[in-house]
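Notes follow the structure.
The values are calculated or read from the model by the stated rules, or taken from the named source; none is laboratory data. These numbers were taken from a predicted model, which means no experiment stands behind them. Reconstructed Cβ throughout: ideal geometry from the backbone, glycine too, with neighbour counts over all protein chains shown. For the accessible areas, the whole protein counts, side chains as well, though only heavy atoms, and no ligand, DNA or RNA atoms are used. Shrake-Rupley method; radii C 1.70, N 1.55, O 1.52, S 1.80 Å.
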Amino acid sequence: MDNKNIYIHKPDISDSDINLKSLQGQGKTVVILEVDNKKVGLIALSDTIKDGAREAILKLHKKGIKVIMLTGDNHLAAKYIAQQVNIDEVISEVLPSEKTGKIKSLQEEGRIVAMAGDGINDAPALVQANVGIAMATGSDIAIESAGIALLHGDINKISQAIDLSKATMRTIKQNLFWAFIYNIVGIPVAAGLLFPIWGIVLNPIFAGMAMALSSVSVVGNSLRLKTKKL
């Protein structure tokens, strides 16, 4: 969610409860104004949806990722916003100190949790999550607490970060495979294991070339990440 819009409504005393539920049902957090214990008006605060939020959540759904809203807002207001962007589950009316506990509960259920946030009160939850994702436009403490910072606060980059992470892990595994193959094949030959049978021994020149080729192949394979389109 993005910046807040403010609506001021002056209700009749008799219909204040009706107006309260109606405004909350529209995704607004309502503050009641009273003077001398008499209701004189309502202030409704409404979060606007970030540009690209729907597209970002759609991309996550296509990856099989469940999206949960963890917010301190009123349940009706949070549910309304969640419906606009197709969020799967809403955990609302959560105090800042309770966010970490909610993430722990999800982890105890066996879930791998990535937490995205930008506020000071999100910092402990970002540390607790398996992966903390902060907006570069957010608070400094949130950025320091997270493992990933998204430039320009663009939540569409969450999907890109996941793709890049998977590509990086795939490249690491490929590099380890080829490094082990070079050593598994090269070390026994260099040790003279094949000499008694076939008279084969590894010339030091070729051993040095093989070592250099191993390093070049690992570096070259890693550089392919620069060409990956996200």
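Data for the structure
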read-out	value
Dipole moment magnitude, nearest 20 debye, the chain about Cα centre, only Lys, Arg, Asp, Glu C-beta charged	1100 debye
Accessible surface, segment 144-230, averaged per residue in Å² (probe 1.4 Å)	73 Å²
Of Ile57, Ile65, Ile133, the one that fluctuates the most in a GNM where the chain has Cα springs shorter than 10 Å	Ile65
Lys pairs under 20 Å by Cα in segment 37-91, provided they are eight or more residues apart or on distinct chains	5
Percentage, to the nearest whole number, of Cα pairs in segment 147-214 over 15 Å apart	67 percent
Gyration tensor verdict on segment 43-159 (Cα atoms; rounded if a/c is under 1.5, prolate if a/b is larger than b/c, oblate otherwise)	rounded
All-pairs alpha carbon distance profile, segment 27-72, 10 Å steps from 0, percent	21, 30, 23, 15, 10, 2
Tensor-based shape of segment 100-230 (alpha-carbon gyration tensor, a/c under 1.5 rounded, otherwise prolate or oblate)	prolate
Theoretical gain in end-to-end length, Gln84 to Asp140 [0.36 nm per residue, Cα-Cα removed]	17.2 nm
Contour excess over end-to-end distance, with Cα ends at Ser222 and Asp36 and 0.36 nm allotted per residue	60.0 nm
Projected-area mean, the chain, by convex hull of Cα positions, square nanometres	18.6 nm²
Segment 128-230 - charge dipole about Cα centre, Lys and Arg +1 at Cβ, Asp and Glu -1, debye rounded to 20	380 debye
Cα-based shape type of segment 53-108, given that a ≥ b ≥ c are square roots of the gyration tensor eigenvalues and the cut on a/c is 1.5	oblate
